[in-house]
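Written out below as C-alpha cells is the structure these notes cover.
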Amino acid sequence: MPVYKYIELIGTSRESWEDAVRSVVREASKTVRNIVRVEVEEFTAEVKDDEIVEYGAKVKILFLVERP
C-alpha cells in the first residue's frame, strides 16, 4: 500500500504568484523525489510604493514515500 507525505513550503517570485508556485516545485524537486501534487494554501505579496515587488505562495507538496 503506498504511503504519502506532505511538506509545507513557501516560494517567492518577482514575476507572479504562478511563478512563485513553480519555484517551490522546482526547488523541492532537487531534494524530494516522487512529487505528485502541489496544493496552494495562501497567496501573499510584498508592496512597496503602491506596487507589488514580490509575490509569495505558501504550498503543500505531496510526495510518495519510498520504501527500501
Worksheet item: What do you reckon, is Ile10 surrounded by 16 or more Cβ atoms within 10 Å (Cβ to Cβ) and of a type in the set (Val, Ile, Thr)?
Response: no
Worksheet, complete the sentence: Checked the stretch 34-68 for anything exposed (fewer than 11 other Cβ atoms within 10 Å of the Cβ) and of a type in the set (Lys, Arg); matches are Lys48, Arg67
Item to complete: Identify all residues within the stretch 11-43 that are in contact with a helix residue (DSSP H, G or I) (Cβ under 9 Å, 6 or more places away or on another chain) and of a type in the set (Val, Ile, Thr); write none if there are none.
Response: Thr12, Ile35, Val38, Val40
Response to the item:
Of (1) surrounded by 11 or more Cβ atoms within 10 Å (Cβ to Cβ); (2) under 27 Å from Arg67 (Cα atoms); (3) touching a residue at least 40 places away in the same chain (Cβ under 8 Å); (4) among the hydrophobic types (A, V, I, L, M, F, W, C), Trp17 satisfies every one except (2)
Fill in: Members of the stretch 49-61 that are farther than 30 Å from Tyr4 by Cα and in contact with a strand residue (DSSP E or B) (Cβ under 9 Å, 6 or more places away or on another chain)
Ile52, Val53, Glu54
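Just so you know, all these numbers are worked out from the coordinates, no wet-lab data involved. Values in this document were obtained by computation on a predicted structure and should not be read as measured data. Cβ atoms come from the backbone with ideal geometry, glycine included; neighbour counts cover every protein chain shown.
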